[in-house]
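Asks: Here you go, one structure.
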Amino acid sequence: MGASCYNIGSNCAPWEAYPNSTENCTNAWSCQPGQSCTASNGCTGVCAYTSPSEFYSGSPVGCVASPSSPTCGNVCCGGNEICSSGICKPRCGDSPYDPATQCCESNEVLPKFEIDELADCPHRTPRPGWTPTVNGCGPDGLGWLVPDVMYRTNFRPSCDIHDTCYGTCNSDRGACDIALRDQMSAACRARHTNPSSVYRQDCLDVANEFYEKVNEKGAGSFEDAQKTGCICCQ
């Protein structure tokens, strides 16, 4: 086994002779004397060399933290951390935050499980364990009542699918509304197979009018459903 050594190019200096000679050896030092390094407490330091003696037989080199290092307790915080009450915590701008219950968006600390404005949480993810609620074709602020069954056509499945789409985190509202119209129209055609049926045309008119009302006035319902179905960040 070769001596412990200091790297010099492809060769190294045995610590007994450093820095006056070099020879090939197998064990490289953990750091090079005089160069910057990271100490065991996470602080930036300088690699120091200790000459061998009858009183010292430990490692010839070690990283010594600078006395001026900004310590937090007895450690130094990383670049993405900040000291808070003697503990290194994740940094959000100039403030600490807890990723378990908080999010950091645009250097602002926000609640993780409660969304005030959707725009403040661009990295929304589905709420764990959440299943969107459905309530059929109720008016829900539209100002126009559409029953679940109209013109002998059952619209309830189409409306429930729409409710689920609104309550699914990060869904596209426009796509949800178009799907509602198409599914209601398909239900009309399936129930009234005669293309010339008055009931069929009236049913299709209701489907289209309901779509227009939802598209015009459904923004608030969509936002409320998204705030419930999402959390602010992962």
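The values are calculated or read from the model by the stated rules, or taken from the named source; none is laboratory data. Everything quoted here is computed from the prediction, not taken from an experiment. When we count neighbours, we look across all protein chains shown, and the Cβ atoms used for this are built from the backbone with ideal geometry, even at glycine.
Asks: Residue check: is C92 touching a strand residue (DSSP E or B) at 6+ places or on another chain (Cβ under 8 Å) and at pLDDT below 80?
Replies: Answer is no for this residue.
Asks: Go through the stretch 178-189 and give me each residue that's buried (at least 22 other Cβ atoms within 10 Å of the Cβ) and either among the polar types (S, T, N, Q) or under 26 Å from K227 (Cα atoms) (or both).
Replies: Answer for the stretch 178-189, where residues must be buried (at least 22 other Cβ atoms within 10 Å of the Cβ) and either among the polar types (S, T, N, Q) or under 26 Å from K227 (Cα atoms) (or both): just L180.
Asks: Follow-up. May I ask you to list the residues in the stretch 102-130 that are of a type in the set (S, T, N, Q) and surrounded by 10 or more Cβ atoms within 10 Å (Cβ to Cβ)?
Replies: The answer is Q102, N107, T125.
Asks: Go through the stretch 190-234 and give me each residue that's touching a strand residue (DSSP E or B) at 6+ places or on another chain (Cβ under 9 Å), surrounded by 15 or more Cβ atoms within 10 Å (Cβ to Cβ), among the hydrophobic types (A, V, I, L, M, F, W, C) and part of a helix (DSSP H, G or I).
Replies: C203, V206, A207 - these are the residues of the stretch 190-234 that are touching a strand residue (DSSP E or B) at 6+ places or on another chain (Cβ under 9 Å), surrounded by 15 or more Cβ atoms within 10 Å (Cβ to Cβ), among the hydrophobic types (A, V, I, L, M, F, W, C) and part of a helix (DSSP H, G or I).
Asks: Another question, if that's okay. Given the criterion modelled with pLDDT of 80 or more, surrounded by fewer than 19 Cβ atoms within 10 Å (Cβ to Cβ) and among the aromatic types (F, W, Y), identify the matching residue among Y49, Y56.
Replies: Matching residue, one of Y49, Y56: Y49.
Asks: Here's another thing I want to ask about it. Looking only at the stretch 59-74, how many residues end up being surrounded by 15 or more Cβ atoms within 10 Å (Cβ to Cβ) and more than 41 Å from the chain's Cα centre (by Cα)?
Replies: The total comes to 2.
Asks: Read through the list (1) of a type in the set (K, R); (2) surrounded by fewer than 17 Cβ atoms within 10 Å (Cβ to Cβ); (3) in contact (Cβ under 8 Å) with a residue 40 or more places away in the chain, then give the number of the only condition that R156 fails.
Replies: In the conditions (1) of a type in the set (K, R); (2) surrounded by fewer than 17 Cβ atoms within 10 Å (Cβ to Cβ); (3) in contact (Cβ under 8 Å) with a residue 40 or more places away in the chain, R156 misses (3) alone.
Asks: Whether any residue in the stretch 160-169 is within 32 Å of the chain's Cα centre (by Cα), crowded, with 17+ Cβ neighbours inside 10 Å and in a loop (DSSP other than H, G, I, E, B) is what I want to check.
Replies: yes
Asks: Consider G42 carefully, then state whether it is at pLDDT below 80, under 29 Å from the mean Cα position of the chain (by Cα), surrounded by 13 or more Cβ atoms within 10 Å (Cβ to Cβ) and over 30 Å from D172 (Cβ atoms).
Replies: yes
Asks: Of the numbered conditions (1) modelled with pLDDT under 80; (2) surrounded by 14 or more Cβ atoms within 10 Å (Cβ to Cβ), G9 satisfies every one except a single condition; which is it?
Replies: If we test G9 against (1) modelled with pLDDT under 80; (2) surrounded by 14 or more Cβ atoms within 10 Å (Cβ to Cβ), just (2) comes out false.
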